[in-house]
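I have placed the structure first, in the form of structure tokens, so that the comments after it can refer back to it.
No value in this document is a laboratory result; all are computed from the given coordinates. Everything numeric in this text was worked out from a predicted model, so none of it was measured. With ideal geometry, Cβ positions are generated from the backbone for all residues, glycine too; neighbour counts draw on all protein chains shown.
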Amino acid sequence: MTAGATVITVTRNIVRAGREAMLEQCLHSVHEQSVSPVEHLVIDGASEDGTRVILEKYRQKGWIRYVSEPDSGLYHAMNKGLALASGAYVAFLNSDDFYHDPTWLERCLSELRRTGADCCSAPVLSLCPAGRATVGHVPNWPAMFEKMSVNHQSLLMRTSVMRALGGFSQRFPVQADYELLLRFLLCGWRYTALSFPGCTFRNYGMAAQKTWPEIITERLRIQVHVLGRFGASYHDCVDICDLGHVPGWLFRRLEQQIYLAHRPEFEEWHRYTELRALRRWLWTSSSRPEEEVFRLCGMKFIDRRFPGKDRSDMGQG
């Protein structure tokens with residue numbers, strides 16, 4: 001029987017990292033989902049510790065399918081899973097995250113079928129190392145032009161759409177999910193959102209270990225790569241990240257690519273960010289070492305946030 005959804009989890013040397021319990025919690029949370037059948041694919045990067053022993057145990061239970069072989073990184077492994085997926089919809093769940101709601105996938109599939117949307121998103125619970133969970137990462141699709149504003153653990157996307165997009169670009173090892181969702185929007189695909197969280201995200205995983213220079217450098221590369229096709233320069237993308245506002249001429253071009261029913265939401269966001277951009281132009285201050293900035297009435301006295309003043313080498317290809 002074809003699965004309604006395929007959940008893909010990427011692993012590598014989980015035992016060595018001391019995260020066996022997290023992996024098993026992840027596997028249990030998928031197996032205990034109320035909708036059936038759910039396919040759970042685990043793509044292991046040729047682990048050299050006891051990770052494959054754990055995976056084999058759950059394969060024998062019939063809970064998962066897995067492959068274990070070398071890969072060239074996280075997003076290469078995720079693309080492998082996408083190629084193997086048999087479900088009509090696909091989700092990606094990190095090995096240290098889990099579905100805390102056993103009806104989560106059923107609710108997402110119901111919403112997708114009700115609306116005819118191509119992708120479903122939702123808030124997630126953010127779990128800190130001390131074990132305290134708070135609701136965070138509420139989806140904000142219009143803000144996607146500024147930054148990654150949808151948590152990928154909450155996404156369930158039509159498999160055929162993700163394959164049509166070509167999966168994740170390996171040019172962007174830190175934020176390829178951001179680049180894919182930008183292209184998703186600008187290809188005119190439809191999204192829907194649930195108001196309640198069904199997934200718990202540990203906010204001290206791989207993404208949380210990235211430094212600000214790594215994050216902002218790749219974000220700008222992605223924006224130049226995607227938005228550059230509509231005329232945005234590197235400096236335009238810096239201004240978008242800096243002021244949180246897309247210039248009107250660029251916004252009008254981008255808006256024409258968005259699914260028609262979503263455009264009012266983007267227009268409202270664009271009007272809101274005009275005022276925010278003015279406030280930031282008048283006064284911006286941060287004392288964080290890698291993000292230190294001080295601006296008054298448009299004059300920057302300190303700005304350590306962006307990599308260089310001219311990055312034409314980033315290209316638009």
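Structure summary
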read-out: Whole-Hz couplings from phi, Karplus 6.51/-1.76/1.60, listed for the stretch 123-134; x for Gly and Pro; value: x, 10, 8, 9, 10, 8, x, 6, x, 8, 10, 10
read-out: Computed FRET value (nearest 0.05) for SER195 with ALA88, which takes r as the C-beta separation and R₀ as 30 Å; value: 0.80
read-out: Kirkwood-type radius of the stretch 39-110, with distances r between different C-alpha atoms, in Å; value: 13.5 Å
read-out: Stokes-Einstein D in µm²/s, Kirkwood radius over Cα pairs - the stretch 143-186 at 20 °C with 1.002 mPa s viscosity; value: 197 µm²/s
read-out: The stretch 1-157: projected area of the alpha-carbon convex hull, averaged over directions, in nm²; value: 10.0 nm²
read-out: Taking only Cα atoms of the stretch 244-296, radius of gyration then Dmax in Å; value: 14.5, 42
read-out: Interchain or long-range residues, amide H under 5 Å from HIS100's placed H; value: CYS199, THR200
read-out: DSSP-assigned coil residues among trypsin sites (Lys or Arg not before Pro) in the stretch 1-80, each with at most 11 further Cβ atoms within 10 Å; value: LYS61
read-out: Cross-link pairs beyond the 30 Å C-alpha cut-off, checked among LYS80/LYS147; LYS57/LYS80; LYS57/LYS210; LYS61/LYS210; value: LYS57/LYS210; LYS61/LYS210
read-out: For the stretch 23-36, 3J(HN,Hα) per residue [Karplus equation, 6.51 cos²θ - 1.76 cosθ + 1.60, θ = phi - 60°, Hz, x = Gly/Pro]; value: 4, 5, 4, 4, 5, 5, 5, 6, 4, 8, 5, 6, 7, 9
read-out: Antiparallel DSSP beta bridges within the stretch 94-248, as percent of all bridges there, nearest 5; value: 55 percent
read-out: Cα point-scatterer Debye curve for the stretch 192-250, base-10 log of I(q)/I(0) at q = 0.23, 0.24, 0.25 Å⁻¹; value: -0.89, -0.91, -0.93
read-out: Estimated vicinal HN-Hα couplings, Hz - the stretch 253-269 in sequence order (Karplus 6.51, -1.76, 1.60; Gly, Pro = x); value: 5, 5, 4, 5, 8, 7, 3, 3, 5, 8, 4, x, 5, 5, 5, 4, 5
read-out: Hydrodynamic radius (Kirkwood) for the chain, which is based on Cα pairs only, to one decimal in Å; value: 20.7 Å
read-out: Peptides 138-146, 29-37 ordered by average Cβ neighbours within 10 Å, highest first; value: 138-146, 29-37
read-out: Alpha carbon convex hull of the stretch 212-314, volume per residue in cubic angstrom; value: 105 Å³
read-out: Computed label-point distance, nm, for sites ARG304 and GLU255 using a 7 Å Cα→Cβ extension; value: 3.9 nm
read-out: Sequence of PHE266, PHE301 once ranked by neighbouring C-beta atoms within 10 Å, starting from the fewest; value: PHE301, PHE266
read-out: At R0 = 22 Å, FRET efficiency that the Cβ-Cβ distance of GLU214 and ALA143 yields, to 0.05; value: 0.60
